[in-house]
Amino acid sequence: PISTNSTSADLVLPAGTNNIRFARLYWGGRINNSVVTGAPDTLRKIKIRKGTNGAYTSAITAATNVDQFAISNTDRIYQAYVDITQFVNTLGAGTYTVADIPSTQGNIGSGGRYAGWCIVVAYENTALPFNSIRVYDGMAQVFNNAAATTLDVTLTGLNVPNNNLAADEAVMATMAWEGDASLAGSVANPLGDFIKVNNIAVSNAMNPVTNFWNGSITKNGVNVTTKNPNYSNQMGIDIDEVNVGTGFNILPNATSVTVQFGTEQDQYFPSVFTFNIRMKD
């Protein structure tokens, strides 16, 4: 059968033996209600393969693994996920292609619909230091009728060493839907769209402090290019990884970190959120 909406990205793992302990494929976007009404299980279906040619493996997830927000009379935002731990553990690092993402084309007001995906992988490599890993895979709406609003998340149970962390010893990664490159801070809304760690705003060369959620896929302020198509503006999808070990008040022996998602006029939908932090030896 012919596939549609196929895109690819590379999974890069460190040298040595990597035992995949956790792998999930997430997909979602903004879709017309009629598509879901016509086929109620459409949001649950996806295809994936290793490489850029050959047969796909089809997957269908449980209905409880689909989150949705009705945002207009015609459209909804959705996200779904399926466990692919065994699939990735067998096939390892390299290029993965995902196809048949449920989606709808067309403009909505001054914006448009969109769809995309990502894979989250937690691996064990005994040559590397021990880390404490948190993976949050809910979906939230950051929106207050074009007024300022925030969403706070407290990560607990951490076991930070009794010395200061290096920058790359605390790594935050997050995915969000409906980030807009064109909607940043303004005179009326000076903070724009932001994320804070321990009340300190995060920013870099690709993610401005007043428009962190700008539809980019980045690693520490550098555009990730190991994807196809390779846009710098991904038009509604943010996937960003940032080193936060220094400059964000994560103190020696800390057991928690506070993360805040905020906006002063826009709306966006944080979904997958991970935090990887060095542990005591």
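The values are calculated or read from the model by the stated rules, or taken from the named source; none is laboratory data. Predicted, not measured: the structure shown is a model, and the values here were computed from it. Methodologically, a virtual Cβ is constructed for each residue, glycine included, from the backbone with ideal geometry; neighbour enumeration extends over all protein chains shown. The protein model used for the area step is the full one, side chains on, heavy atoms only, and it has no ligands, DNA or RNA in it. Shrake-Rupley method; radii C 1.70, N 1.55, O 1.52, S 1.80 Å.
When the helix-only estimate is applied to the chain (DSSP H runs of n ≥ 4, each -39,500 (n - 2.57), divided by the residue count), what is the mean residue ellipticity at 222 nm, nearest 500 deg cm²/dmol?
Details: 2 runs with 13 residues, N = 281.
Estimated from H runs of four or more residues: -1000 deg cm²/dmol.
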For residue 196, go through the lysines and keep the ones whose alpha-carbon is under 19 Å away, minus same-chain ones fewer than eight residues off. 219
Hits in segment 79-117: amide N under 20 Å from the 7 Å Cα→Cβ extension of residue 15, namely 92-94
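How big is Rg to Rh over segment 25-157, alpha-carbon atoms, Rh as the Kirkwood inverse-mean-distance radius?
On the way: Rg = 17.5 Å, Rh = 17.2 Å.
Rg/Rh: 1.01.
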With a Förster radius of 41 Å, plug the Cβ-Cβ distance of residue 22 and residue 144 into 1/(1 + (r/R0)^6) and report the FRET value to the nearest 0.05. 0.75
Please list, or write none, the lysines whose alpha carbon is within less than 20 Å of the alpha carbon of residue 50, excluding same-chain residues fewer than 8 places away. 227
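Measure off, as a whole percent, the carbon and sulfur share of the 1.4 Å-probe accessible area of segment 167-281, all protein chains present. Working shown, then result.
Values: 2440 of 4570 Å².
After summing per-atom areas, the C and S share lands at 54 percent.
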Could you point to the residue in 64, 141, 160 farthest towards the positive end of the chain's charge dipole, with +1 and -1 charges on the Cβ of Lys/Arg and Asp/Glu respectively? 64
Give the distance, in whole Å, between the Cα centre of segment 195-210 and the Cα centre of segment 101-131. 20 Å
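So what is the relative contact order of the chain, in percent, for Cα pairs below 8 Å that sit 6 or more residues apart? Write down the numbers at each step before the final one.
Numbers: 669 pairs, mean separation 70.2, N = 281.
Computed value for the chain: 25 percent relative contact order.
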Accessible area of the chain divided out per residue, in Å², using a probe of 1.4 angstrom: 47 Å²
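Looking at the chain only, what percent of DSSP beta bridges run antiparallel? Nearest 5 please.
Values: 78 of 82 bridges.
Bridges in the chain that DSSP calls antiparallel: roughly 95 percent.
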Please list 158-166, 112-120 highest first by mean number of surrounding beta-carbon atoms within 10 Å per residue. 112-120, 158-166
